[in-house]
Amino acid sequence: MRYRAMLLLALCWVAASTLAASGAPRASVVPGFSRAQAGTAQVAAFPSPADLETFRKNIELLFVRPRGGSMPGYAACVMCHTWQTSLRFSLETPETTQGWTPAQSRRNFDVVTQVINTADPESSRLLLKPLSPQAGGLGHTGGTYWTSKENPEYQQILTWIRSFPADRYVAKPGPPLDFEFFRACVQPIFANPREGHIRCSNCHDSGLAGFAPVPAGGGGWSDAQAKAAFQVISRLVIPGSPEQSRFLLKPLHPDGGGSYTHNGPRRWQSRSDPEWQMLAGWVRGERTGSRCS
Ligand code: HEC
Ligand code: HEC
């Protein structure tokens, strides 16, 4: 762990010098990401060596660029986005102090092109996550890196995405999350702690992860409150992929496949908990309506 942190720091320094000078994944599909076009001919033809070279020079280095801190909005992207943090968008842990090897970059390329959309470049998650919500961004646990679309990094990535043919990297949309089921079956979980636990609302009543506001007036949640909570939880869910959804990972015990860290309780010991299963069905788009059992 200590070694890894030092390696990342050294690497960030290298990236800083390289970027100052220049101005900026496994060959199969990553589980949980789905592609619109899985044509094998295409998979074989792309990326070209030139595609990879451009990626290594103009895009990949942005992920190790130091930003003056270790907090969200200031930490280098790789501080969080490697597989250790069990995020879906997870880059390789760089093997050398000079950065990723070409083989690692090849795998990173596959990972990064899962969070872009060449059919509608500006809708790419890679652009919308680090962008401030005030400027149209989606909100990001990792923080805001760009206060506007004028930011040179934003522009650099946008130019890169636009350089591909429109049909090259188009993510298949996930199943819709049902709001009615959220109201009827998901929200009550926030208010009903398991024995010995405290409510999610004690810590998640407002802010970026404020999916569990305390009901106004002591009764149930108003429609407006429920809508707002649904927006927040939607950000913490990856439709179609319960195993990669933070909402289902944070309160799950690490021995049962949950996150290594959560400053709150572990509500589920394993994925076989019926409640976890119910939520997983909802995230997969299989559970809708107001019947919880
Ligand atoms: C402090 C940790 C942290 C840092 C630093 C961080 N992120 Fe994140 N990022 C997260 C977490 C946690 C999520 C998942 C929750 C969310 O989407 O907000 C996430 C989600 C994302 C996603 C969505 C991935 C998906 O699966 O759809 C993208 C894209 C992303 N981050 C890009 C970046 C970029 C680019 C940087 C650097 C400029 C960065 N992040 C820095 C923690 C971080
Ligand atoms: C004692 C306070 C506390 C309680 C109670 C608590 N949490 Fe948390 N939770 C935190 C803190 C602090 C974080 C941010 C740091 C971390 O990830 O551990 C967090 C992070 C999260 C995240 C990730 C948020 C993000 O922005 O990426 C999710 C999802 C989450 N909690 C779900 C829950 C659920 C569901 C419950 C109720 C079953 C719950 N938590 C109860 C303190 C708490």
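Read-outs throughout are calculated quantities, based only on the coordinates presented, and are distinct from any laboratory measurement. Computed from a predicted structure; not experimentally measured. In this analysis, Cβ positions are derived from the backbone assuming ideal geometry, glycine residues included, and neighbour counts consider all displayed protein chains.
Within the same chain, aspartates and glutamates fewer than 8 places from Lys149 are excluded, and of the rest, those with a Cα less than 16 Å from its Cα are Asp120, Glu122.
Hey, got a sec? Which GluC sites (Glu not before Pro) in region 201-293 land in a DSSP loop and have at most 13 other Cβ atoms within 10 Å?
Hits after loop and neighbour filter: Glu286.
Loop-located trypsin sites (Lys or Arg not before Pro) in region 126-226 (DSSP state other than H, G, I, E, B) with a sparse environment of at most 14 neighbouring Cβ atoms within 10 Å: Arg194.
Applying both filters, DSSP loop and at most 11 other Cβ atoms within 10 Å, to the chymotrypsin sites (Phe, Trp or Tyr not before Pro) of region 183-269 gives Tyr260.
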